[in-house]
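The values are calculated or read from the model by the stated rules, or taken from the named source; none is laboratory data. Given the structure is predicted, the values throughout are model-derived calculations rather than measurements. Glycine also receives a Cβ, built like all others from the backbone with ideal geometry; neighbour counts cover every protein chain displayed.
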Amino acid sequence: MITRRDLCVAALAAGATAGVLMTPWDSIRDAFSPAANGTGLGRPFDALLASLDGTQGVGRIVAEGGAPGTSADALIERLGARLEGALRDRTAIEARLGELVRADFAAARTCRVDGWMLSQTECDLAGLRWHLLGEAPAASAAAAPQAAAAAAATPGSPAAAIVEVTNWGPRTTEQGSKFNVQPDGHSGLWFVAPGTPDWVKVRIDGQESPTTVSEAGFTSGIFGSLQERLLATPGSYRVELYDPVNDTVQPIGELVVRPMAERAVREDGTRSSIFCPVTEWGPTETTVGVAENAQPDGSQGMWFLLPCAPNNVQLVFGDDRLPATRTDRGITSRVPLALLESPGTVSIRLRHIHSGEELTVGLFEIRP
């Protein structure tokens, strides 16, 4: 579940560095190069940003949410303006971030992520790190420039980047579970990379996959026997871009297949073949006519954390079946304000559309 400790600056808000979540400056200051993933705000800031493990989940939601002001350039500009005068070294940056977090809460400059309220500074930092480094842990982010330099100097190794891949996904799935399923049954992958050459091919675990290039980037996926093999075996599988014209390979990342999680026990004592137990969900209550975790359209956003979530799922809010979306971390849905106009207790269930199986989650309270 998301907690305040998942963001590096949570401890900064209390006036201390989140040492557990940050790689010591000495261990990455010589390895991290702003030229590789630079923000233009200086080496100390770039090194701190690279070390912010634990923010990837929040950062992805911020960066991919499409809200105004969440592009990489916009986040760099906003953080640079707020940190002006405190970018000379890491100590000064950390101290200033702590001040900004406290000021954000005092001024109600906050953002909601999966039902949790965070300061705007925290969300900006997490979003920017995701834009630049994705799911890379601090050690990988720090080592990337050195690895790239070494590879470029080694004959037959990956050369300079073929194209800038700013985002891609899905990056994880559960053992035995297809993802982003396409009409022919393969699991689809998408890549945001404007200016991609028409002739490139995606390689997954060393095997070329059919690739379609568009103005925005390219798409590919895992097909046939490759899909059967990868989805049957938990592990991390490298994803690369291959340029057959210049015979160069560009590493992109890894597709992670998680081991199958334990399934939920139904009310009759049998075990579900579809659902895992919900570990956390919310909001759990509200007042008549008030949408907790309000969304832009006025509806109430609801989130459910579970280690595996099926495709084609609905939220059953009392007697109403509502559309829901599967995410890497669980399921999200929206409850129209019209369903919150009468006091009472509403049963909450998740429903798998294809099989009709339902998972009881709990009760939602609408107070007078």
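From the residues in region 66-97 that are of a type outside the set (A, V, I, L, M) and buried (at least 17 other Cβ atoms within 10 Å of the Cβ), which one is modelled with the highest pLDDT?
Restricting attention to region 66-97, the residues satisfying the condition of being of a type outside the set (A, V, I, L, M) are 66, 68-71, 73, 77-78, 80, 82, 84-85, 88-91, 94, 96.
Remaining after also requiring buried (at least 17 other Cβ atoms within 10 Å of the Cβ): 70, 82, 90, 94, 96.
Values: Thr70: 83, Arg82: 88, Arg90: 79, Glu94: 83, Arg96: 85.
It comes out as Arg82.
Just the residues that are surrounded by 18 or more Cβ atoms within 10 Å (Cβ to Cβ) and at pLDDT 55 or above, please, taken from region 136-170.
Residues satisfying the conditions are Ala136, Ile162, Val163, Val165, Trp168, Gly169.
Scanning for something more than 22 Å from Leu132 (Cα to Cα) and in contact with a helix residue (DSSP H, G or I) (Cβ under 9 Å, 6 or more places away or on another chain), does region 191-201 turn up at least one residue?
The answer is no; no qualifying residue exists.
Condition check ((1) in contact with a strand residue (DSSP E or B) (Cβ under 6 Å, 6 or more places away or on another chain); (2) more than 29 Å from Gly59 (Cβ to Cβ); (3) in contact (Cβ under 8 Å) with a residue 24 or more places away in the chain) across all residues:
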| site | (1), (2), (3) |
| --- | --- |
| Pro183 | no, yes, no |
| His186 | yes, no, yes |
| Trp190 | yes, no, yes |
| Gly195 | no, no, yes |
| Thr212 | yes, no, no |
| Leu226 | yes, yes, no |
| Tyr237 | yes, no, yes |
| Val245 | no, yes, yes |
| Pro259 | no, no, yes |
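Failed condition for Gly253, given (1) in contact with a Leu (Cβ under 6 Å, 6 or more places away or on another chain); (2) of a type outside the set (Ser, Thr, Tyr); (3) in a strand (DSSP E or B), with all others met?
Against the list (1) in contact with a Leu (Cβ under 6 Å, 6 or more places away or on another chain); (2) of a type outside the set (Ser, Thr, Tyr); (3) in a strand (DSSP E or B), Gly253 comes up short only on (1).
Checking Leu75 against (1) over 12 Å from Asp124 (Cα atoms); (2) within 21 Å of the chain's Cα centre (by Cα): exactly one of these is not met. Which one?
Status for Leu75: all satisfied but (1).
Within region 305-361, take every residue that is of a type in the set (S, T, N, Q) and assigned to a loop (DSSP other than H, G, I, E, B) and give me the one that is farthest from the chain's Cα centre (by Cα). Talk me through it step by step, then tell me what you get.
Within region 305-361, the subset of a type in the set (S, T, N, Q) is 311-312, 314, 325, 327, 332-333, 342, 345, 347, 355, 360.
Those left that are additionally assigned to a loop (DSSP other than H, G, I, E, B): 311-312, 327, 342, 355.
Values: Asn311: 18, Asn312: 20, Thr327: 9, Ser342: 35, Ser355: 28 Å.
So the residue we want is Ser342.
Might you check whether a residue that is closer than 28 Å to Thr332 by Cβ, among the basic types (Lys, Arg), part of a loop (DSSP other than H, G, I, E, B) and not assigned by TED's automatic domain parsing to the domain that holds Asp328 occurs anywhere in region 94-109?
Yes, that holds for at least one residue.
Please specify each residue of region 242-269 satisfying the condition of being of a type in the set (Asp, Glu) and more than 16 Å from Val202 (Cα to Cα).
At the first step, the residues of region 242-269 found to be of a type in the set (Asp, Glu) are 243, 247, 254, 262, 267-268.
Across region 242-269, the qualifying residues are Glu262, Glu267, Asp268.
What do you reckon, is Glu262 within 30 Å of Leu189 (Cα to Cα) and charged (D, E, K, R)? Give the steps one after another, and end with the answer.
Numbers: within 30 Å of Leu189 (Cα to Cα): yes; charged (D, E, K, R): yes.
Yes: the conditions hold for Glu262.
Just to be sure I understand, how many residues within region 59-78 are touching a Ser or Thr at 6+ places or on another chain (Cβ under 8 Å) and either within 19 Å of Gly42 (Cβ to Cβ) or among the basic types (Lys, Arg) (or both)? Before you say what the answer is, go through the steps one by one.
First, the residues of region 59-78 that are touching a Ser or Thr at 6+ places or on another chain (Cβ under 8 Å): 62-63, 72, 76.
Subsequent filtering for residues that are either within 19 Å of Gly42 (Cβ to Cβ) or among the basic types (Lys, Arg) (or both) retains 72, 76.
Matching residues across region 59-78 total 2.
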